[in-house]
1. Among the residues that make up the stretch A:71-85, is at least one of them in the same structural domain as A:VAL147 (by TED's automatic domain parsing), modelled with pLDDT under 95 and over 26 Å from B:GLU86 (Cβ atoms)?
2. Which residues, taken from the stretch B:217-255, are of a type in the set (Val, Ile, Thr) and in a helix (DSSP H, G or I)?
3. I'd like the full set of residues that are touching a residue at least 60 places away in the same chain (Cβ under 8 Å), crowded, with 19+ Cβ neighbours inside 10 Å and not aliphatic (A, V, I, L, M), limited to the stretch B:149-160.
4. Among the candidates B:LYS155, B:LYS191, single out the residue that is within 14 Å of another protein chain (Cβ to nearest Cβ), over 17 Å from B:GLU214 (Cα atoms) and of a type in the set (Lys, Arg).
5. State whether one or more residues within the stretch A:204-218 are away from every other protein chain (no Cβ under 14 Å), among the acidic types (Asp, Glu) and crowded, with 16+ Cβ neighbours inside 10 Å.
6. Please give the number of the condition A:PRO164 fails out of (1) closer than 30 Å to A:LEU85 by Cα; (2) out of contact with any strand residue (DSSP E or B) (no Cβ under 7 Å at 6 or more places or on another chain); (3) part of a loop (DSSP other than H, G, I, E, B).
7. Across the stretch B:81-129, what is the total count of residues that are assigned to a loop (DSSP other than H, G, I, E, B) and surrounded by fewer than 23 Cβ atoms within 10 Å (Cβ to Cβ)?
8. Quick one: B:PRO44 ticks every box in (1) surrounded by 18 or more Cβ atoms within 10 Å (Cβ to Cβ); (2) more than 21 Å from B:ALA120 (Cα to Cα); (3) within 21 Å of the chain's Cα centre (by Cα) except a single one, so which number is it?
There are 2 protein chains.
Amino acid sequence: MAGIVLRLGSEGYAIHVGRGLYETVLAQTLVGMDPARIVLASHPDILELHGSRLEDALRGMTAGDTSMMHFTFPPGEENKSLLTLERGYVALLEAGVTREDVVLAFGGGVVGDLAGFLAASYMRGVRYLQVPTTLMAMVDSSIGGKVGIDLPGAKNAVGCFHQPVAVVSDIGVLKTLPQREVNSGLAEVAKYGFLYDVELLSMLRIWESERSFEGTAIEKIIARCAGHKAEVVRQDERDVIGIRALLNYGHTFGHALESACGYQALRHGEAVALGMMMAARAAEMDGMAAGGLLELHRDVLMPLIAQVEAPEGLEVEVVLRRMLADKKRGRRQRFVLLEAPGEPRIVDSLDEDIVRRAVEEILRETWGMER
Amino acid sequence: MAGIVLRLGSEGYAIHVGRGLYETVLAQTLVGMDPARIVLASHPDILELHGSRLEDALRGMTAGDTSMMHFTFPPGEENKSLLTLERGYVALLEAGVTREDVVLAFGGGVVGDLAGFLAASYMRGVRYLQVPTTLMAMVDSSIGGKVGIDLPGAKNAVGCFHQPVAVVSDIGVLKTLPQREVNSGLAEVAKYGFLYDVELLSMLRIWESERSFEGTAIEKIIARCAGHKAEVVRQDERDVIGIRALLNYGHTFGHALESACGYQALRHGEAVALGMMMAARAAEMDGMAAGGLLELHRDVLMPLIAQVEAPEGLEVEVVLRRMLADKKRGRRQRFVLLEAPGEPRIVDSLDEDIVRRAVEEILRETWGMER
């Protein structure tokens, strides 16, 4: 088991990565928090797969003093909505949840973001725990306190910063994760590799040859990513000095792709994988990066999206229009580009023609799409 | 003009009380913040009365570089809702408001709470200014960063802490405030008097004999209250160590009254005035306070609610049921009671019969209501 301590101001919190953690550190953490009630926020599929193990572990710990309630909602980005949030507020209010209670976010990124914002805003904030069940959430979204919901057409448009009391990533749940979700998480792993840690790319490639959730390799990969994330958040919790913003590598392109498919056909990590390839191509065209950068990206990322079919109805023009629409609305369109692996830089403007060609080329290479 | 500096951690902010402040400190503060856009959040009545003065002042300052947009919603507690909040999110999103822009909350408590929460949660937080236009908001709700909305039947059930960049209370706007609103604000002034500052009660009584918004008396009263509020928030920003909780004096009873009338028939300050008299009666019955406490409360508060008619349909039983309903839901029902003026204490439980008799007696004395 790996324990990473994220220090923030005088407080901070622990990020635990390992096996059998629900029965040990999670239960112990909850004992220390002493809530009257635990609000288990999750979705039905996760509860069916792993809920009874989690609840058994918590019941063993609380000896019947702590009651438990469920707040569940269907999986999928489209449910990270104001409507689901309202349902959550009403459920907590009707159950009489108070600021002394605890929300436990048990799921992937959507569950963590929504349940975290519910916890941040119900009664001006209740304590919560992140218990991620996807690779993507373990390496990225569960750490750092960014919580929130989407508005129609605007991902993460509403939210705040609300740090969890702890993050408990139990690797035991990953073996039920569908391969597409695993690959989507690996794209985020690769992001840390490109940004900070070339050795992580080798670890990723070695792991991919076996794809085993037994053994220590996957634990080491997740802990290494969590360590990078924790260090970034420690330096720039509120995302204001350009350090945390680097984690948006691949995201300017990626968000336009997700938005163009209505957030359904592509997993977040898949969109980011494509986005990082576009960013690498753009950095080469701009002359900022030497040749070979895109090649490295292709080697690492193409296997992760090889099984993904072109989203029906996705058009190059629509992707480009989404990117330009953002720009027209007066938003600064920032790109994270690499001069080389491990050397990221924020670029406030990028030639429109380079953007266009990067999008076109990667979509053509990946799916044979033409304008 | 009085300037109070609220220190919080390493930052804090200034609270300005005086005249002609839109043209001076407000304009200067905005110049310093350098937003591309100002979102003027308000309601139509306030804008009609004082909007052109405010906008002229801001236009004079920005020399045309800063654009201004309005987000308005009708006055009244019933509009401090998730629905209004959603309208706000969509309006800001459609206008392309970014985290570099500024929200200016221009109105009373409802505007400040809702616009503050909009600012706190849109794009994970944009900067905002509190520019209160009611006495109640100037002395209390605009200071301290508690922002949020109501859920049906549950006031302030959703929200967070988001401190403004500054609070600018221009007394010039108070002369258009309806007398009921003035009296409602004076009840909050009296609250600070009972809790911390007996001299303030004398200042209040002297001011009431003339009720003039010219001269320095009202400015001194507001600044004195703002100073008390700032000190309380400095000591207990997040309302966790029992210091800020004292500001709920009269509120446990008051909320039940507001809730029993559906938040329409009674102003917040009126409900708090009645609630403080109930609390004083309860403290006497409990033996915690010597006799004379209720008498002092009656002297100060009765004139403030003398013109208020009994809300149609208000029943003693309903008020009591609201209080018991809260208790049954597992919420700790805390009361702030006074041992004497200036000596408040938090009481975690109060004999149910005392609660009942305090509610009954004050409603009978005030409005001749019988069970």
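1. Filtering the stretch A:71-85 down to residues in the same structural domain as A:VAL147 (by TED's automatic domain parsing) leaves A:71-85.
Next, from what is left, pick out any that are modelled with pLDDT under 95: A:75-78.
If we keep only those that are over 26 Å from B:GLU86 (Cβ atoms) too, we end up with none.
No, the stretch A:71-85 contains no residue that is in the same structural domain as A:VAL147 (by TED's automatic domain parsing), modelled with pLDDT under 95 and over 26 Å from B:GLU86 (Cβ atoms).
2. Those that are of a type in the set (Val, Ile, Thr) and in a helix (DSSP H, G or I): B:ILE218, B:ILE221, B:ILE222, B:VAL232, B:VAL233, B:THR252.
3. Matches in the stretch B:149-160: B:ASP150 only.
4. Numbers: B:LYS191 fails: within 14 Å of another protein chain (Cβ to nearest Cβ).
None of the others qualify; the one that does is B:LYS155.
5. Going through the stretch A:204-218, the residues away from every other protein chain (no Cβ under 14 Å) turn out to be A:204-218.
Those still in the list that are among the acidic types (Asp, Glu) too: A:208, A:210, A:214.
Checking which are crowded, with 16+ Cβ neighbours inside 10 Å leaves us with none.
No, the conditions are met nowhere in the stretch A:204-218.
6. Single failed check for A:PRO164: (2).
7. Narrowing the stretch B:81-129 to residues assigned to a loop (DSSP other than H, G, I, E, B): B:81, B:96-101, B:108, B:123-126.
If we keep only those that are surrounded by fewer than 23 Cβ atoms within 10 Å (Cβ to Cβ) too, we end up with B:81, B:96, B:98-100, B:123-126.
Of the residues in the stretch B:81-129, 9 are assigned to a loop (DSSP other than H, G, I, E, B) and surrounded by fewer than 23 Cβ atoms within 10 Å (Cβ to Cβ).
8. Here B:PRO44 meets the rest and fails (1).
The values are calculated or read from the model by the stated rules, or taken from the named source; none is laboratory data. Note that the structure is a prediction, hence the values are computed from the model and not measured. Ideal geometry is used to build each Cβ from the backbone, glycine not excepted, and the neighbour counts take in all protein chains shown.
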